[in-house]
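Below is one structure, written out as structure tokens; comments come after it.
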Amino acid sequence: MHDAQDTRPTSSNPYMSDWLSSMQTTAHDSALLPPHHGDCLGCGPANQHGHHLRARRHGDGVVAAHVFDGRHVGAPGIAHGGAVATVLDDLFGFALYVVGELAVTRKLEVEYLAPVLLQTEYTLHAEMLSRNGRKLRLRARVEDQNGQVVATADALFIVVGPAHFTSRAPVIQARR
Ligand SMILES: CCCCC/C=C\C/C=C\C/C=C\C/C=C\CCCC(=O)SCCNC(=O)CCNC(=O)[C@H](O)C(C)(C)COP(=O)(O)OP(=O)(O)OC[C@H]1O[C@@H](n2cnc3c(N)ncnc32)[C@H](O)[C@@H]1OP(=O)(O)O
């Protein structure tokens, strides 16, 4: 049974309250969207091992400028594919601010078209393609400075209710 209709209060989880209130802001195109929370691997400013992704709303989607560094190395000089997937998954998390739904990744497919180089700025875009009930189809791309697409991602996100997160809150707090 899913929890998409669960409307129980979320005050027990401070991350949840922040996230939901952020969703209700009507951010204009140039405004930075807030991180999912401080420790988020993709975007949390307090996570020393994280990617510190910063994204903005862009039309019906989101855009980010991103540089992978030595912490994310796979083959020498090239970002690890898992690191690229992490950033793309998190970018989809930012796109949810625009979509206006709580949802989680059910399926993530990444196509690596060309090496993603370290210490090189890329532009990342993501948007929702379609919605069918709780199923959200999203697409993202990574472009180099010449506009060449070096990676794409297609994802299926499933809309969930707040309980999906509140029921795991002790796990989040226990490791802090
Ligand atoms: C992302 C926003 C988070 C906001 C959180 C707010 C506060 C919390 C604080 C911080 C959060 C921090 C960071 C998160 C931010 C961004 C990170 C990026 C996103 C992630 O990193 S997120 C983590 C990884 N993620 C998971 O941890 C999910 C694990 N998973 C599950 O928890 C369940 O799996 C669930 C709930 C997803 C679904 O479970 P379920 O039981 O409710 O639903 P079910 O299985 O029935 O599928 C429903 C419909 O999808 C169809 N369907 C399924 N698979 C399909 C396929 N492959 N192809 C085509 N259709 C498919 C079915 O056929 C059915 O279709 P239909 O409705 O038509 O019957």
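For Pro45, the test of being surrounded by fewer than 20 Cβ atoms within 10 Å (Cβ to Cβ), assigned to a loop (DSSP other than H, G, I, E, B) and either touching a Cys at 6+ places or on another chain (Cβ under 9 Å) or not charged (D, E, K, R) (or both) is passed. Screening Ala126 against (1) within 14 Å of the chain's Cα centre (by Cα); (2) farther than 14 Å from Ala65 by Cβ leaves a single unmet condition, (2).
Examine segment 110-118 for a residue that is farther than 28 Å from Asp60 by Cα, in contact (Cβ under 8 Å) with a residue 40 or more places away in the chain and touching a helix residue (DSSP H, G or I) at 6+ places or on another chain (Cβ under 6 Å), and state whether such a residue exists. Looking through segment 110-118, none of the residues is farther than 28 Å from Asp60 by Cα, in contact (Cβ under 8 Å) with a residue 40 or more places away in the chain and touching a helix residue (DSSP H, G or I) at 6+ places or on another chain (Cβ under 6 Å). Inspect all residues belonging to segment 151-171 and state whether any of them is more than 13 Å from the ligand (Cβ to nearest atom), surrounded by fewer than 19 Cβ atoms within 10 Å (Cβ to Cβ) and of a type in the set (Gly, Ala, Ser). There is no residue in segment 151-171 that is more than 13 Å from the ligand (Cβ to nearest atom), surrounded by fewer than 19 Cβ atoms within 10 Å (Cβ to Cβ) and of a type in the set (Gly, Ala, Ser). Considering (1) surrounded by fewer than 17 Cβ atoms within 10 Å (Cβ to Cβ); (2) under 15 Å from Val87 (Cα atoms); (3) hydroxyl-bearing (Ser, Thr, Tyr), the lone condition that Ser130 does not fulfil carries the number (2). Of the helices (runs of 4 or more DSSP H) lying entirely inside segment 72-176, those carrying at least 1 residues that are β-branched (Val, Ile, Thr) and within 20 Å of His52 (Cα to Cα) are 81-99, 169-174.
Please go through segment 37-84 and give me each residue that is charged (D, E, K, R) and within 15 Å of the ligand (Cβ to nearest atom), ordered by number. Walk me through it before giving the result.
Taking segment 37-84 first, the residues charged (D, E, K, R) are 39, 54, 56-57, 60, 69, 71.
Listed by number, the residues that qualify are Asp39, Arg54.
Each value in this text was obtained by applying a stated rule to the coordinates, not by laboratory testing. Computed from a predicted model, the values in this text were never measured in an experiment. Counting neighbours? That spans all protein chains shown, and the Cβs are built from the backbone with ideal geometry, glycine included.
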